[in-house]
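Let me begin by presenting the structure, written as C-alpha cells, before commenting on it.
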Amino acid sequence: MSKKNNKLDLDSLVQGYEKAFPFYQVLAPTGEVVNTDLEPKLSDEELTELMRRLVWASTYDKRVTLLNRQGALGNYAPGGGQEASQIATQYALGEGDFFAGTYRDLAPLILHGLPLEKAFLWYKGHMKGNEFPEDFQAYAPQVIVGGHITHAMGVAFGMKKRNKKNIVMSLSGDGATSQGDFYEGINFAGVYNVPYVAVVQNNGYGISVPVEQQTHAKTLAQKAVAAGIPGIQVDGMDPLAMYAAVSIAREHALAGKGPVLIEALTYRFGPHTMSDDPTRYRLDEELGEWEKKDPLVRMRKYLEDKGLWSEEQEEEVVETCKQEIKEAVAAIGQVEKQKVSDFLKNMYDVSPQNIQEQIAEYEEREMNDNE
Ligand SMILES: Cc1ncc(C[n+]2csc(CCOP(=O)(O)OP(=O)(O)O)c2C)c(N)n1
C-alpha cells in the first residue's frame, strides 16, 4: 500500500515568510526621498544635529583606528559604514531611555553620554572603563555575543513594573540572532509585553561567517514571528529610515504595545577588529557596492539640497572631534595603570585558592616592576 498524503505544500509556506517583511527606505543612495510617509518630521536644527553626529562618529572611527594602529589604544571594532544603524537609532531615543550595545557600538554609547575617557579606558581593558556614573542609562559594551539581549529585556521589564515612560534599545549584530540568548530575550519580552526595541545590525558577517551560513531564514526580521512581536526590515545605510523605524517602534512600546524587532541591512567597511583581515573572506567588489550606499553621502546630499549643510560645518565637526580625542588620550595617560592583581581581586567576594595564588604571583611581579 502506498502512502499518499501530499496536500500540504511546505515549500510555499516558507517562501511566504520573506514576502511578509518588506524593506523600508526613506532616502535613496542619491539622497532623494523615496518614501514621504516615513520621512521623519525633524526640524532643520534636528536634521543638522543628526548630520553632525554622523560626521562625528565617522571621524571618531577613523581616528581611533589610527590610534589603535599606533598602539595608543587597545583593540578596536570599527563602526564605519554602520553610522545610520548606530547613530540615527540612538538619536531617536528620548531622555531617560536605556542603551545596550556591543563592542562595536562605542560611538553611539558616547553620544548617549559616556565620557570619551571612559570609552578609551574600556578599550584598554581598564576596570575604570566599566565604572559608569550611577544615573547613566546604559550598559557597558557587551562582548558576549547576544548576551545583552536578555539583560536589555530585563531592564525593560523593570521599567514596565515601575511605570516608567521610557524604553530600552539594544544594538546587536546578525551573529547575536544565532544565539540562544537572543530568542530567550525576545520571547520573554513578548510574553511580558515590555518596552523594548531590539535593533539587529545585519552587516552580513559574524566575523568571517556570512549570514547565509548562520541561518536558513532569508530575513532576520522574521525571527520576530516566533515571539509574536512585530519585525521590520530597514535600510540600515539610511539614517532617516533608521531614525523613523526606531521612533515608530518607540511610540509603539510607550503605548504599552510591547517590543519590536528591527533588522537593519548594513555593512561594515572595515575589518571585524584590528586583528582581522576581511580580504580573506570578502571581495573588493562587494565592499565597493556597499560604499555606494554610504549613509553620510546620502544624508549630506539631502541636507545640501535643503541648504542646511556645508563643507565648513563638516570641517568644524571633524576638528572638534579630533581635539576631543586628543584631550581624552592625554587624560587617560594620567590614569594609573591597570594592575592585573586588582582585576583578579575583583572577580570574587572571597577568592578561591587558585585565584589567591594568582593574586600573590601578580602582586610580586607588580612589586618587582615598580622597583
Ligand atoms: C558567545 C560568544 N561566542 C563567540 C564569541 C567570539 N566573537 C566575538 S565577535 C563575534 C561575531 C559577532 O558577530 P555579530 O553578532 O554579527 O556582530 P558584529 O561583530 O558583526 O558587529 C564572535 C563570534 C563571543 N564574543 N561570544
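Each reported figure results from applying straightforward, stated rules to the coordinates on display, with no laboratory input. What you are looking at is a predicted structure, and each value in this text was computed from that prediction instead of being measured. Please note: Cβ atoms are built from the backbone with ideal geometry, for glycine as well, and neighbour counts cover all protein chains shown.
Filter segment 192-219 down to the residues that are closer than 17 Å to residue 233 by Cβ, within 16 Å of the ligand (Cβ to nearest atom) and either among the aromatic types (Phe, Trp, Tyr) or not in a helix (DSSP H, G or I) (or both) and list them by number.
Passing the criteria: 198, 199, 200, 201, 202, 203, 204, 214, 215, 217, 219.
Here residue 48 clears all of (1) loosely packed, with under 14 Cβ neighbours inside 10 Å; (2) under 17 Å from residue 296 (Cβ atoms) except the condition numbered (1).
Rundown of residues vs (1) more than 21 Å from the chain's Cα centre (by Cα); (2) farther than 29 Å from residue 273 by Cα; (3) in contact (Cβ under 8 Å) with a residue 24 or more places away in the chain; (4) surrounded by fewer than 16 Cβ atoms within 10 Å (Cβ to Cβ), yes/no style:
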site	(1), (2), (3), (4)
21	yes, yes, yes, no
44	yes, yes, yes, yes
94	no, yes, yes, yes
97	no, no, yes, no
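For segment 64-86, the candidate set comprises residues that are within 11 Å of the chain's Cα centre (by Cα) and away from the ligand (no atom under 12 Å from the Cβ); within that set, the residue that is surrounded by the fewest Cβ atoms within 10 Å (Cβ to Cβ) is 83. Here segment 159-191 is the region considered, the condition is being without any contact (Cβ under 8 Å) to a residue 40 or more places away in the chain and not in a helix (DSSP H, G or I), and the residue that is farthest from the ligand (Cβ to nearest atom) is 163.
Elements of the type helices (runs of 4 or more DSSP H) sitting completely within segment 235-337 and holding at least 3 residues that are more than 28 Å from residue 94 (Cβ to Cβ): these cover 284-291, 295-305, 311-333.
When segment 204-222 is examined, which residues are found to be in contact with a strand residue (DSSP E or B) (Cβ under 8 Å, 6 or more places away or on another chain) and more than 21 Å from residue 19 (Cα to Cα)? Result: 206, single match. Whether a residue is closer than 26 Å to residue 103 by Cα, over 26 Å from the mean Cα position of the chain (by Cα) and surrounded by 14 or more Cβ atoms within 10 Å (Cβ to Cβ) was assessed, and residue 335 passes this test. For segment 220-234, taking the residues that are part of a helix (DSSP H, G or I) and not hydrophobic (A, V, I, L, M, F, W, C), the one that is surrounded by the fewest Cβ atoms within 10 Å (Cβ to Cβ) is identified as 222.
Which condition number in (1) in a helix (DSSP H, G or I); (2) free of Cβ contacts under 8 Å to residues at least 60 places away in the same chain; (3) surrounded by 14 or more Cβ atoms within 10 Å (Cβ to Cβ) is the one that residue 351 fails? Condition (1) is where residue 351 drops out.
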